[in-house]
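First comes the structure, then the notes that go with it.
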Amino acid sequence: MAERLTIDHVGHFGDGVALAGGGSVYVPYALGGETVEVAPVPGHPDRRRLLRVEQASPERVTPFCPHFGICGGCAIQHWETERYRAWKRDLVVGMLAQAKLACEVHPLIDAHGRGRRRITLHARRGTHEVLKVGFSAANSHDIIPVDRCPILDPGLAGALDAAWAIAEPLIPTGKPLDIQITATDSGLDVDVRGSGPLSARTIATLSRVAEAHHLARLTRHGELVLMRVPPTITVGTAQVILPPGSFLQPTVAGEETLAKLVSGHCQRARNIADLFCGVGPFALRLAATSRISAFDGDAGAVAALQKAATSTPGLKPVKVETRDLFRRPLMPQELRDYDTAVFDPPRQGAQAQATQLAASKIPTVIAVSCNVTTFVRDARILIDGGYEIKGVTPVDQFRHTPHVELVARFVR
């Protein structure tokens, strides 16, 4: 049964929030001040499905993608840009205030750039043997077939067609397949997950697909199937050959923006510990002027970083170590020779490592985070250990979503 609600504000996840019955009701794709007609969502008493906007906000704009509202990739395309940007910065301001962390929050930096350089597409052959390749629907495992996506980097041109061609020979009826595609300097890098063992005939078919769609490399669960050319990206002055399925910042502009902010905080550093270093987006740039020790639990990423550092002239020494910083964080005695530490953990944050940093005597700590909640927790650990937070810069490389990244500096 339909009901009418008035939206009070936009919440942390990008949904419109109505205050009704003494609680909050969440309506995706609605804006503050709007009157909307909604329907119940079975199994979710605090959520509603938007049926119609009866009275629209003056801040509402027309979404630019025909799949918006069906595909689950974007939460916000319907909000005027400046109000959206203010809301995203306010997410950081509000979380810091709630945690009683007093510091300056700088203006939001837009880092969408040319768009996303990495996507994961899903494929499934359903009823009547019909193949679907696309993105997951909002709040659902249904696959929304897509033939284009306007938020992608031009380097992913042809990625959707390639995914359809790869899925065709691999996927049996009913079995799901994930196809991760990354734009590199030398072509598309593809890792497939969910397929069974590949026969010689299937590999031959995939080889023809790779040629037709200019793939650099194709792997299955990280294991090499074929490689036409090594998939490389440029990081500072270095060329990095990507390990299969390795983590990258989602946009080139995002990586460059975060690296510029980190480098700005490290201008006087001589000996830097780069924690959760990945393939070296910070280390390979910071090594232009500082000695680097880089640590990460991903052995493939660490090896790629070492190879890139060794083969790039003009860099100061880069020492690498494969180390699980969640289970074996660097201890204070291991940190004593560094004047700066940079840490950029996954979404779960770096509680164990932050605890050891707080017990160390490192003068400067630079925190990079993609999760405000875990950043606040780790920041509190550092502050309780004697550090002072000197400012936070929010970065928006996940445009059209509620996700925000940030860079902060802590000093003793």
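The values are calculated or read from the model by the stated rules, or taken from the named source; none is laboratory data. Just so it is clear, the structure is predicted and the values come from calculations on it, not from any experiment. Heads up, the Cβs are rebuilt from the backbone with ideal geometry, glycines too, and the neighbour counts pull from every protein chain shown. With ligands, DNA and RNA removed, areas are computed over all heavy atoms of the protein, side chains included. Shrake-Rupley method; radii C 1.70, N 1.55, O 1.52, S 1.80 Å.
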Positions within the range 380-392 being within 21 Å of Leu108 (Cβ to Cβ) and in contact with a helix residue (DSSP H, G or I) (Cβ under 8 Å, 6 or more places away or on another chain), in sequence order: Ile389, Val392
Pick from the range 93-112, criterion open to solvent by 50 Å² or more (accessible area, probe 1.4 Å) and small (Gly, Ala, Ser), ranking: farthest from Val192 (Cα to Cα): Ala102
Per-region count, the range 49-83, residues open to solvent by less than 50 Å² (accessible area, probe 1.4 Å), more than 15 Å from Val17 (Cβ to Cβ) and among the small types (Gly, Ala, Ser): 3
Residue list for the range 159-173, restricted to those being touching a strand residue (DSSP E or B) at 6+ places or on another chain (Cβ under 8 Å) and buried (at least 17 other Cβ atoms within 10 Å of the Cβ): Ala159, Leu160, Ala162, Ala163, Trp164, Ile166, Ala167, Leu170, Ile171
Residues that are open to solvent by 40 Å² or more (accessible area, probe 1.4 Å), closer than 26 Å to Ala354 by Cβ and of a type in the set (Val, Ile, Thr), drawn from the range 290-325: Thr322
Selection count where residues are open to solvent by 30 Å² or more (accessible area, probe 1.4 Å) and either part of a strand (DSSP E or B) or aromatic (Phe, Trp, Tyr) (or both), scope the range 335-393: 2
Filter result for Gly391 (farther than 18 Å from Arg270 by Cα and touching a Lys or Arg at 6+ places or on another chain (Cβ under 7 Å)): yes
Filter result (of a type in the set (Asp, Glu) and out of contact with any Ser or Thr (no Cβ under 7 Å at 6 or more places or on another chain)) within the range 46-105: Glu59, Glu80, Glu82, Asp90, Glu104
The range 21-70, residues that are outside any loop (DSSP other than H, G, I, E, B) and among the charged types (D, E, K, R): Glu37, Asp46, Arg47, Arg48, Arg49, Arg52, Glu54, Arg60
Residue within the range 134-148 that is at pLDDT 95 or above, open to solvent by 60 Å² or more (accessible area, probe 1.4 Å) and out of contact with any strand residue (DSSP E or B) (no Cβ under 7 Å at 6 or more places or on another chain) present: no
Pair list, Cβ under 9 Å, 6 or more apart: the range 20-48 residue within 23 Å of Arg60 (Cα to Cα) and open to solvent by 50 Å² or more (accessible area, probe 1.4 Å), other residue among the aromatic types (Phe, Trp, Tyr) and at pLDDT 95 or above: Arg47/Tyr26
Test: Val133 is more than 18 Å from Pro402 (Cα to Cα) and of a type outside the set (Asp, Glu): yes
Test result for Ala97, in a helix (DSSP H, G or I) and among the aliphatic types (A, V, I, L, M): yes
Which listed residue, of Asp185, Asp189, is of a type in the set (Asp, Glu) and open to solvent by 40 Å² or more (accessible area, probe 1.4 Å): Asp185
